[in-house]
Amino acid sequence: MTKNFWTNLVWGVGPIILGLILTTLALVAVGANPLQAYQSMWNGAFGNTAKFGDLILVWVPLLLASVGLLITFTAGLWNIGIEGQIVMGAIFTAWAARAFDFPSIILIPLLFLAGMLGGALWALLAGVLKTYGKVHEIFGGLGLNFIATAVTLYLIIGPWKLPGIASTSGTESFRPAAWLPTLPGLSVGPIEITVALVSLVLVYFALRGTLWGLKLKAIGKNTRSAFWIGVPTTRYMLGAFALCGVFAGMAGTVQAIGVWHRLIPSISGGYGYLGILVVLLSGFQALGVPFVAFFFSAVSKGSVALPLDLNIDSSLGGVLQGIIVLLVVLSQGVRARWQRASAAARVDSTILAAPVTRAAEE
Amino acid sequence: MDTHLLLITLASILADSAPLVFAVIGETIGEKAGVTNLSLDGSILLSAMVGFAVAYTTNNLYLAFLAAMLVGALVAALIAFSSIVLRLDQIAVGFVLTLLCTDLSTFFGNPFVRQPGPSVPHLAIPILENIPIIGALFFDHNVVVYLSFVAILAAWWWIYKTQPGLKLQGIGERPAAAFARGTNVNLQRFLYTIVGGSLVGMAGASYSLFVKLGWSYHATSGLGWIALSIVIFGGWNPIRGAIGAYIFGGLQSFGDFAQSIFPSVPTQVFQTAPFAFMIIALLLVSNDAIDRFFSGSPVSRKIWQSLRGTPPGALSTTFEQE
C-alpha cells in the first residue's frame, strides 16, 4: 500500500518536475534569470489579495470550459470547437446586454441564459456536422472557431463599433446593470464562482451517478457497441455537444460581463484550448479538474507579468503548461508499457490508450 | 484579363502554394502509413520560426531548411514514438504538441519578430523557361517551388508505382496482413512519419523564407489545419491533395482580388472564407447523402467514386506487433 503510494507519487510528480526543469532550461537559453522569472510569475498570480481575485476570475471561465469538455470527452468526442462556443456565448451575451434595459437581478440571469444558448447552438452545429455530415469534429469545430472569431471582429468594427471611431479594441462598455457584481476590493464576485462550482458538482454527479452518464461513457468507449445495445448514439452525441456548449457559453458570459464588460476580439481568452489541456492532465476525471484548472490559471495569470517585469515573452506560461501535459501523458504511456512488460499476461489499458488493430479483426 | 496577367497569376498561385503542398504531401505520407500527425498547425509554425532564425543568424539557407526539417521530423518522431511504442492516442499527443509548438515558436521567436532576413533567390531554369506558357508556369520560380513539384510527383510515384510503396499502403490499410507478409509495420510507420514530418518542416521554412518573408507571431496560423483537411479532401492521394492545395491557393488569390473590387465587404469575410470552404469541402467528400445522390446512375457513381477517397483502413490506430 505505502509502496504503491510512493510509486504513484513519483509517477505523478516526476513529469511535473521534469517539465519545470525543461522550462528553466528554456529560460536560460534566452538569457533570462529563471529564479526572477518564477518569482515574477508567483507575484503575478498570488502577490496580493487583488491579484488573487484576478486569478480566480481566470479560474472560473477555465473551469467552466473544462467542465463542459468532461462531457464531450466522456462521449469520446474531441470538441476542439469549444473556443468558438465560448466566443458565441460572449456574442449572445453582448447582444442581450445591449438590447435589454432591466435591473441587474433580472438582467444577469438573462445574460447567462443568452450565453448558454449561444454556446449550445454553436456546439450543436459542430455536432450536426459530425453526426449527419460525417465531418470530424476536430475540423468542423476548428472551422467554426475561426468563423466565430471573424463574427466577433465583424461586430466590433461593424454594427457594434464605438461611436465615431472604428477600432478593433472592442465595443462600448455594457451598462453597469449588466456587470457581474464584485466582492469588495476584488475583480471577482460571488455569482460566477457559484455558477462554476455548481456546474462542476452537477457534471460530476451526472457523469458518475446517472444512467445518462453511463450511456455516454459507453458511447465513448465503443460507439458501435453502444448503438447495438440500444443507446441512441446520434441523439446522445448531439446532447453532449449541446451541453458542453452550454458550459462553454457560460464561460463566454463570464468573460463578457465579468472580465471585460464589453466584447473584445480575443474574448475567449484561449480558455477552450487550455481547457482541453486541463482535462487531459486531469486524466478525464472531474475531481482533478478544479485543481489543475487552478494551477493553469496561476501559470497563465502569472506569466502575464513577465514581459513588463523582465522582458520575457508571456508565452512562457503556455510552454510550461504544454510541456507538463505532454510529459504527463507520455509518462502514463511509459508507465503502462512498463506495467505491460512486468505483467506480460495482463494488458493494462490506460484511459489514453489508442484503439488497437488486432490480427483477429482481419 | 489578358493572357499575360492570367499566366502571372497562375504562376504565383503555384509558387505561393508551395508550403501548403509540402505540408499536404508530408501529412499524406504519414497518414498513408497509418499515423496521424495532428500537430501540423504548431509544427509548421515552429519550423517557420526556426528556419527564419537560423537563416537570420547564419545567413545560410541550406542550414535554415535543414534545421526546419529537423524540427518537423522531431515533432513527428515524438508522435510516432508515443503512438507506436507507448500506444498513446495520436490525436491527444498531436493536439498537445500543436499548442506547445505554437507557444515555443512565440517564446523563442521573440528576438526575430519583424526582422529583415535572407530569402530564397529566384532561379529560372534555362531553356525550359522559354517554353511558351509551360515555361512561365512551371520553370520561372525558385528551387523551393521546383522541389514542391518534385515532392508531389515523387510521393505519387513512390506510393502507387513501387514495391515499397505498395507495402506503405499495406501497413496503413491492413497492418496485420502486411505484418504476416513479413513487413516490419512499426519500423516502417516510424520512418514514414518522420519523412512526412520533415516535409512539414520544409513547409514552415518555405513560408518564412519565401512566401511571406520573415517571422511574426502566429505567422502561419491556420495553415496546418487547412493542410490537414486538404489531405482528407484529396482522398489521401498526393496528386489530388496537391490539386486541393492549388485550388485553395487559387481561392485565396481570388479572395484578395474580390476584396479589392468589393471594399465595402468587411475583410473578416474574406479571411474566414478558407475555413468555411474547409467545412463545405469536407462535407462534400464525406457525406453519405451526396454519396447516395451520385449513386443514382452507374456513370455518375463511377465519376464520384474516383473523386472521393477513403481513409487508410488502420488510420490513427496502434498495431501490436508480437
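Tell me, which helices (runs of 4 or more DSSP H) lie completely within region B:17-118 with 1 or more residues that are in contact with a strand residue (DSSP E or B) (Cβ under 7 Å, 6 or more places away or on another chain)?
Numbers: elements: B:18-32, B:40-58, B:61-84, B:90-109.
The helices (runs of 4 or more DSSP H) meeting that bar are B:40-58, B:61-84, B:90-109.
What is the number of the single condition among (1) over 23 Å from the mean Cα position of the chain (by Cα); (2) away from chain B (no Cβ under 14 Å) that residue A:90 does not meet?
(1)
Which ones in region A:284-340 are under 14 Å from the mean Cα position of the chain (by Cα), of a type in the set (Ser, Thr, Tyr) and more than 30 Å from residue A:217 (Cα to Cα)?
Result: A:300, single match.
Quick test for you: out of A:164, A:170, pick the one residue that is over 26 Å from residue B:229 (Cβ atoms), small (Gly, Ala, Ser), away from chain B (no Cβ under 14 Å) and free of Cβ contacts under 8 Å to residues at least 40 places away in the same chain. I'd like the intermediate steps shown before the answer.
On the way: A:170 fails: free of Cβ contacts under 8 Å to residues at least 40 places away in the same chain.
Of A:164, A:170, the one residue that is over 26 Å from residue B:229 (Cβ atoms), small (Gly, Ala, Ser), away from chain B (no Cβ under 14 Å) and free of Cβ contacts under 8 Å to residues at least 40 places away in the same chain is A:164.
Tell me, which residue of region A:299-310 that is in contact (Cβ under 8 Å) with a residue 24 or more places away in the chain and open to solvent by 50 Å² or more (accessible area, probe 1.4 Å) is nearest to the other protein chains (Cβ to nearest Cβ)?
Filtering region A:299-310 for residues in contact (Cβ under 8 Å) with a residue 24 or more places away in the chain gives A:299-306, A:309-310.
Checking the rest, the ones that are also open to solvent by 50 Å² or more (accessible area, probe 1.4 Å) come to A:304, A:309-310.
On the way: A:304: 14, A:309: 15, A:310: 12 Å.
Checked region A:299-310; the qualifying residue nearest to the other protein chains (Cβ to nearest Cβ) is A:310.
Name the one entry in A:193, A:147 that is open to solvent by 20 Å² or more (accessible area, probe 1.4 Å), within 25 Å of the chain's Cα centre (by Cα) and more than 14 Å from chain B (Cβ to nearest Cβ).
Working: A:147 fails: more than 14 Å from chain B (Cβ to nearest Cβ).
Being open to solvent by 20 Å² or more (accessible area, probe 1.4 Å), within 25 Å of the chain's Cα centre (by Cα) and more than 14 Å from chain B (Cβ to nearest Cβ) holds for just one of A:193, A:147, which is A:193.
Which residues, taken from region A:45-89, are open to solvent by 10 Å² or more (accessible area, probe 1.4 Å), closer than 14 Å to residue A:275 by Cα and among the aliphatic types (A, V, I, L, M)? Spell out how you get there, then give the answer.
In the first step, residues of region A:45-89 are kept if they are open to solvent by 10 Å² or more (accessible area, probe 1.4 Å); the result is A:46-52, A:54, A:56-59, A:73-74, A:76, A:78, A:83, A:88.
Subsequent filtering for residues that are closer than 14 Å to residue A:275 by Cα retains A:58-59, A:73, A:78, A:83.
Residue satisfying the conditions is A:58 alone.
Which residue pairs have Cβ atoms under 9 Å apart, sit 6 or more places apart or on different chains, and have a first residue in region B:83-97 that is facing chain A (nearest Cβ under 7 Å) and a second that is small (Gly, Ala, Ser) and open to solvent by 20 Å² or more (accessible area, probe 1.4 Å)?
Matching pairs, first to second residue: B:83/B:316; B:87/A:349; B:87/A:353; B:88/A:353; B:89/A:353; B:89/B:316; B:90/B:316; B:91/B:316.
With respect to residue B:109, determine if the residue is touching a Phe, Trp or Tyr at 6+ places or on another chain (Cβ under 8 Å) and under 30 Å from residue A:323 (Cβ atoms). Give the steps one after another, and end with the answer.
Numbers: touching a Phe, Trp or Tyr at 6+ places or on another chain (Cβ under 8 Å): yes; under 30 Å from residue A:323 (Cβ atoms): yes.
Considered against the rule, which asks whether it is touching a Phe, Trp or Tyr at 6+ places or on another chain (Cβ under 8 Å) and under 30 Å from residue A:323 (Cβ atoms), residue B:109 comes out as yes.
For the list (1) over 17 Å from the mean Cα position of the chain (by Cα); (2) surrounded by 24 or more Cβ atoms within 10 Å (Cβ to Cβ); (3) over 22 Å from residue A:200 (Cβ atoms), I need the number of the one condition that residue A:265 fails.
Status for residue A:265: all satisfied but (2).
Just one of A:241, A:296 is open to solvent by less than 40 Å² (accessible area, probe 1.4 Å), more than 14 Å from chain B (Cβ to nearest Cβ), part of a helix (DSSP H, G or I) and under 28 Å from residue B:39 (Cα atoms); which is it?
Residue meeting the stated conditions: A:241.
Of everything in region B:216-237, what is closer than 17 Å to residue B:72 by Cα and outside any helix (DSSP H, G or I)? Give them in sequence order.
B:218, B:219, B:220, B:221, B:222
Please find, within region B:256-272, the residue that is surrounded by the fewest Cβ atoms within 10 Å (Cβ to Cβ) out of those that are touching a helix residue (DSSP H, G or I) at 6+ places or on another chain (Cβ under 9 Å) and within 13 Å of chain A (Cβ to nearest Cβ).
Residue satisfying both the conditions and the ranking: B:265.
Would you call residue B:236 away from chain A (no Cβ under 13 Å), surrounded by 17 or more Cβ atoms within 10 Å (Cβ to Cβ) and hydrophobic (A, V, I, L, M, F, W, C)? Step through it out loud before you land on a result.
Details: away from chain A (no Cβ under 13 Å): yes; surrounded by 17 or more Cβ atoms within 10 Å (Cβ to Cβ): yes; hydrophobic (A, V, I, L, M, F, W, C): yes.
Yes: the conditions hold for residue B:236.
So, in region A:18-44, of the ones that are more than 26 Å from the chain's Cα centre (by Cα) and among the hydrophobic types (A, V, I, L, M, F, W, C), which residue ends up least open to solvent (accessible area, probe 1.4 Å)?
The residue in question is A:27.
Looking at (1) without any contact (Cβ under 8 Å) to a residue 60 or more places away in the chain; (2) within 17 Å of residue B:204 (Cα to Cα); (3) crowded, with 17+ Cβ neighbours inside 10 Å, which is the only condition residue B:167 fails?
(2)
Of all residues in region A:213-241, count the ones that are among the small types (Gly, Ala, Ser) and in contact with a Gly (Cβ under 7 Å, 6 or more places away or on another chain). Full working, then the answer.
From region A:213-241, those among the small types (Gly, Ala, Ser) are A:213, A:218, A:220, A:225-226, A:230, A:239-240; that's our starting set.
When the remaining residues are screened for being in contact with a Gly (Cβ under 7 Å, 6 or more places away or on another chain), the result is A:220.
Final tally of qualifying residues: 1.
With respect to residue B:148, determine if the residue is open to solvent by less than 60 Å² (accessible area, probe 1.4 Å), over 21 Å from residue A:78 (Cα atoms), in contact (Cβ under 8 Å) with a residue 24 or more places away in the chain and part of a helix (DSSP H, G or I).
On the way: open to solvent by less than 60 Å² (accessible area, probe 1.4 Å): yes; over 21 Å from residue A:78 (Cα atoms): yes; in contact (Cβ under 8 Å) with a residue 24 or more places away in the chain: yes; part of a helix (DSSP H, G or I): yes.
Considered against the rule, which asks whether it is open to solvent by less than 60 Å² (accessible area, probe 1.4 Å), over 21 Å from residue A:78 (Cα atoms), in contact (Cβ under 8 Å) with a residue 24 or more places away in the chain and part of a helix (DSSP H, G or I), residue B:148 comes out as yes.
Looking only at region A:311-323, count every residue that is within 17 Å of residue A:271 (Cβ to Cβ), more than 7 Å from chain B (Cβ to nearest Cβ) and in contact (Cβ under 8 Å) with a residue 12 or more places away in the chain and tell me the total.
Initially, region A:311-323 is screened for residues within 17 Å of residue A:271 (Cβ to Cβ), giving A:314-315, A:317-318, A:320-322.
Among the residues that remain, those that are also more than 7 Å from chain B (Cβ to nearest Cβ) are: A:314, A:317, A:320-321.
Checking the rest, the ones that are also in contact (Cβ under 8 Å) with a residue 12 or more places away in the chain come to A:317, A:320-321.
Qualifying residue count, region A:311-323: 3.
If we keep just the residues of region B:102-128 that are in contact with a Ser or Thr (Cβ under 7 Å, 6 or more places away or on another chain) and more than 8 Å from chain A (Cβ to nearest Cβ), which is least open to solvent (accessible area, probe 1.4 Å)? Before the answer, list the steps.
First, pick out the residues of region B:102-128 that are in contact with a Ser or Thr (Cβ under 7 Å, 6 or more places away or on another chain): B:103, B:106-107, B:113-114.
In the following step, the residues that additionally are more than 8 Å from chain A (Cβ to nearest Cβ) were identified as B:113-114.
Numbers: B:113: 31, B:114: 186 Å².
Among those residues, the one meeting the criterion is B:113.
The values are calculated or read from the model by the stated rules, or taken from the named source; none is laboratory data. Keep in mind that this is a model prediction, so the values were computed, not measured. Positions of Cβ are generated from backbone atoms using ideal geometry, with glycine treated the same way; all protein chains shown enter the neighbour counts. Heavy atoms of the whole protein, side chains included, go into the accessibility calculation; ligands, DNA and RNA do not. Shrake-Rupley method; radii C 1.70, N 1.55, O 1.52, S 1.80 Å.
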